[in-house]
Amino acid sequence: MQLTMEGLSYRVGAAEYLYPLDLRLVPGAVTVLLGATQAGKTSLMRLMAGLDKPSGGRVSVDGIDVTGVPVRQRKVSMVYQQFINYPSMSVFDNIASPLKLRGGLDAAAVRAQVQALAERLHIEMHLTKLPAQLSGGQQQRVALARALAKAAPLMLLDEPLVNLDYKLREELREELAQLFAAGESTVVYATTEPAEALLLGGHTAVLDAGELLQYGPTAEVFHRPASLRVARAFSDPPMNLLAGQSSGERIDLGSGLALALRAPAGSVTVGVRANALRLQQRPGDIALAGAVELAEISGSDTFVHVKSAVGPLVAQLGGVHYFELGTPLTLYLDGAQTYVFDAQGLLLLAPERGAPK
Amino acid sequence: MARIDLDLAHSYRPNPQQDNDYALLPLKMSFADGGAYALLGPSGCGKTTMLNIISGLVQPSQGTVSFDGRDVTALSPQQRNIAQVFQFPVIYDTMTVAENLAFPLKNRGVPADRIKARVGRIAEMLELSGQLNQRAAGLAADAKQKISLGRGLVREDVSAVLFDEPLTVIDPHLKWQLRRKLKQIHHELKLTLIYVTHDQVEALTFAEKIVVMSQGRAVQVGSADQLFERPQHQFVGHFIGSPGMNFLPARWQAGVLTVAGQDLRLDAPGLAAHPTLTLGVRPEYVTLAAPGDANAVRARVARVQDVGTYWLVSAALGEQTVRLRLPAEAMPPAEGSEIGLQLLGAHTCFYGADERLIEEARA
């Protein structure tokens, strides 16, 4: 289904929860709403569902204006952070209920679908229990199974995995991504985690302080953030930001360092992702000398915090590296791997990317 | 500050008969004075039970808890001089930030000038100095959690500070800053810190020693690199790392390792004694090769995902899937193409029928 929002805004009293936004969701695909807590993700989802009426603007489904049409009359399923199940029905009956309501399936077919969904979400051993007998994470999976069983044209999931441990979250995200791809619903999935958006793929809408900043294919939004605000919201670890002055031919970073990049003359902000900083020098690199303030080992990566002449930097190095606090360390950077934003914070330059053939 | 020794087991049931009945199977564990530890594991593994036993909120059904050799099993958290930080901020909304931080010290009759100095120092470490005179009620969730953290850290004489998933409600961007602060705080204050989490990145970046737990057992205790590079048990290889270790059933005989029906040369006589063998290799250590390369297996690229700071390639190796990570600036292979995979290297591990690491094998 084609869900379109035009000039949509939401205000409660004097507080603007959502500034007027235009958004056309890609039908049948996954759209991730990415933003910090209180960025407006839940407000936007509630407007999409019809749980709240917008203060301004329109919501249309397949070209028909549904603004103000309450949720009961819209074909939507929603999974909240605070999961909701029928407390007096078994897990099996909870998942079966939307299937039965849809009609057209005999008892054996219902059983088979419930079993299949329960297995995908790793709750098949709990089918005879009541929701209250399950852990929070398990109850959330029952709610997810119900939403998937309903197979509504629009599925809204508000940080559905946030209460699960990280490994289960990783496994279920994979399962969900496959279930979404196999189904025909338009899925909207809210999260605060950039890595989750990237792993889900699809399209991402970046929200910040009630504003929609950018909407596009997820990897594209990540690699070409339209503004500093998007870059800040869509980076983990945070992007290193350096003040620079562009002459038109090069960008001066101070302390004798410059990047051979052409940007319109004026003040600029240079953005360097943590993984663009290296320990090995390559021809053409600039050298950022500094001292180690902290090293965090996470197994697959080591995050080194370095105090340098151009400011504090965080580098993401692959593998395990041990550093003594205070040791001098030079990080190397290829200027072509930087982002350049103008004085208003808008993107001027982004690194070129190779794509798989 | 105290050295903490555990020699106990715990069941929430009156008459435990089998392993399933125990929340914590019999264990012996020591936490050195001034160390930073993480208890890491999935929901239900027993980490929170262990933390609650250390704090005194729960008494173990068998065995003892000792602080500096003294049996404290029957003592309450206050009597044990423990400070705790929970998942949700525990603060007084009507007090200011400064008053909140000072409260644990005021309660113990610490002189006013020392309170001021200590509160100032903790506030500075947590970047709350600018908000000391603000009422807690009006602050954002992460600031409130910082106050909660500060209250846990403000007393200099605590036996230990225990954290129960303290960053769960914090946004990733701020989590990053707080993690870093906790590490700096540990360096500066030298308190014994014990941190429960299900998030491996938090555990590995924060702790000097991580206790990986599963189903009531401590499966491995070690530093971040030990857990990452030499997992003693398949569970550790699986749980640590996102995605976790690749596991492939294998057979070894007379210098030949067979994986997914393909033969590789491997001189590892220590494997001869293990008819049930599993090869474990992390996605970070699988390398891409040409399909015909010596001692590489042939596989087909099933999926390529752009994860921003790296590529995640999923390759089909017979019925199995092998995942590998490529750096962001690499050119990944196309989906559907044939590739070679180098599975054998210094970081490849072998596991026996009991899922434990076979020490005598070196790839």
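Laboratory data are not the source of any read-out in this text; all were calculated from the coordinates shown. What you see is a predicted model; the values in this text were computed from it and never measured. All Cβ positions, even for glycine, are placed from backbone atoms using ideal geometry, and neighbour counts span all protein chains on display.
If you plug the beta carbon distance of B:Asn133 and B:Thr287 into 1/(1 + (r/R0)^6) with R0 = 56 Å, you get a FRET efficiency near 0.50. Restriction of the trypsin sites (Lys or Arg not before Pro) in the stretch B:293-363 to DSSP coil positions whose beta-carbon has at most 11 other beta-carbons within 10 angstrom yields no sites. Using only alpha carbons, the protein assembly as shown has a radius of gyration to Kirkwood radius ratio (Rg to Rh) of 0.96.
Gain on full extension, evaluated as 0.36 nm per residue between B:Lys209 and B:Glu329 minus their Cα-Cα distance, stands at 39.9 nm. If r is the Cβ-Cβ distance from A:Lys307 to A:Ala15 and R0 is 45 Å, what FRET efficiency results, to the nearest 0.05? Computed FRET efficiency for A:Lys307 and A:Ala15 comes out at 0.70. Peptides B:128-137, A:65-74 ranked from most to least packed give B:128-137, A:65-74, packing being the mean of other C-beta atoms within 10 angstrom over each peptide's residues. Relative contact order, whole percent, for the stretch B:187-240 stands at 24, derived from Cα pairs under 8 Å and 6 or more residues apart. Total lysine pairs in chain A at Cα distances under 23 Å, for residues eight or more apart or on different chains: 9. Count Lys and Arg as plus one, Asp and Glu as minus one, and take only other residues whose Cβ is under 12 Å from that of A:Ala182; the net charge is then -1. List the aspartates and glutamates whose Cα lies under 12 Å from the Cα of B:Lys190, skipping any in the same chain that are fewer than 8 positions away. Partners within reach: B:Asp33, B:Glu156, B:Asp157. Of the GluC sites (Glu not before Pro) found in the stretch A:279-340, those in coil by DSSP whose Cβ has at most 14 other Cβ atoms within 10 Å are A:Glu324.
Of interest is the spacing of the C-alpha centroids, which for the stretch B:273-290 and the stretch A:202-241 amounts to 37 Å. Taking Cα atoms, how many degrees apart are the long axis of helix B:97-106 and the longest axis of chain B, rounded to 10 and kept between 0 and 90? So the inclination is approximately 70 degrees. Summing Lys and Arg as +1 and Asp and Glu as -1 over all other residues whose Cβ lies under 10 Å from the Cβ of B:Val85 gives a net charge of -1.
What does the charge add up to near A:Gly216, with Lys and Arg as +1, Asp and Glu as -1, over the other residues with Cβ less than 12 Å from its Cβ? With Lys, Arg at +1 and Asp, Glu at -1, the neighbours total +1. What separates the Cα centres of the stretch B:117-174 and the stretch A:264-313 is a distance of 29 Å.
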